[in-house]
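*Asks:* I am attaching a structure below and will ask some questions about it afterwards.
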Amino acid sequence: MIAVEDNENKYDVAFDDFEDFEDFEDEISDSLEKVDQSRIKACPEINQSLVGSIEDIKEGYAKTLFSAGEEMRVDRRDMVHTGFVFAAADYCCMLAVNDALAVLAGSKVNFLAPMKVGEEAIFEAFTSSNQSRKRNVKVIGYLHDIKFFEGEFAVVVLNNHVMSLKLMGVE
């Protein structure tokens, strides 16, 4: 007997074989908890195929799944350019802050291992406070359940969109 639960339903089921379980899994996959897209304020128009999909988001926390595609390849050994890995970590960071007016002010990151085309990585971002305009966010990336990326990100939440600001002396 297996108990499967989501926000609205609870299922108690027994399976005769693995195929029965796969059929059940297909039937309920649409009703299992999904991320409520209406709660996402950060990066609403980003191309998630380049930075990862949202797995979980809560106040001060985000988890994403990043899949390294062919367009990220840098050599014949299938290594992924670290710029894509950084972008995925930055996206997860912004989701933890989850504010449309947040901008990255700085970062200190460590790439602990390379990533290959076709691999998937999990990123998790944590911020301790959502009360101030300046936020420090810790991001950790896991590849095959091993930490391969870590970073500290400084994020500033502005009063207006960064693209609407006027630079001093520039028209």
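The values are calculated or read from the model by the stated rules, or taken from the named source; none is laboratory data. Because the structure is predicted, anything quoted here is derived from the model rather than measured. Cβ coordinates were reconstructed from backbone atoms using ideal geometry, including for glycine residues, and neighbour counts include every protein chain displayed. Ligands, DNA and RNA are stripped out before the accessible areas are found, and what is left, the full protein with its side chains, is counted by its heavy atoms. Shrake-Rupley method; radii C 1.70, N 1.55, O 1.52, S 1.80 Å.
*Asks:* Based on the mean of other Cβ atoms within 10 Å per residue, sort peptides 39-52, 63-76 so the most packed one is first. Write out the running numbers ahead of the final one.
*Replies:* On the way: 39-52: 14.5, 63-76: 16.3.
Result, highest mean Cβ count within 10 Å first: 63-76, 39-52.
*Asks:* Now for a separate question. Expressed as a whole percentage, what fraction of the accessible surface of the range 60-111 belongs to carbon and sulfur atoms when a 1.4 Å probe is rolled over the protein heavy atoms?
*Replies:* Working: 1240 of 2430 Å².
Ligands and nucleic acids excluded, carbon and sulfur give 51 percent.
*Asks:* How much accessible area per residue does the range 109-162 have, counting only protein heavy atoms and a probe of 1.4 Å, in square angstrom? Present the calculation step by step, with values, prior to reporting the outcome.
*Replies:* Numbers: 3010 Å² over 54 residues.
For the range 109-162, the solvent-accessible area averages 56 Å² per residue.
*Asks:* Extending each Cα 7 Å along its Cβ direction at ALA100 and VAL157, get the distance between those two points in nm, one decimal.
*Replies:* Going from the ALA100 label point to the VAL157 one covers 1.4 nm.
*Asks:* Could you tell me the center-to-center distance, by alpha carbons, between the range 121-137 and the range 67-110 in angstrom?
*Replies:* The range 121-137 and the range 67-110 have Cα centres spaced 15 Å from each other.
*Asks:* Could you give the C-alpha radius of gyration of the range 48-111 expressed as a fraction of 2.2 N^0.38 Å, taking N as the number of residues it contains?
*Replies:* Details: Rg = 12.9 Å, N = 64, 2.2 N^0.38 = 10.7 Å.
That ratio works out to 1.20.
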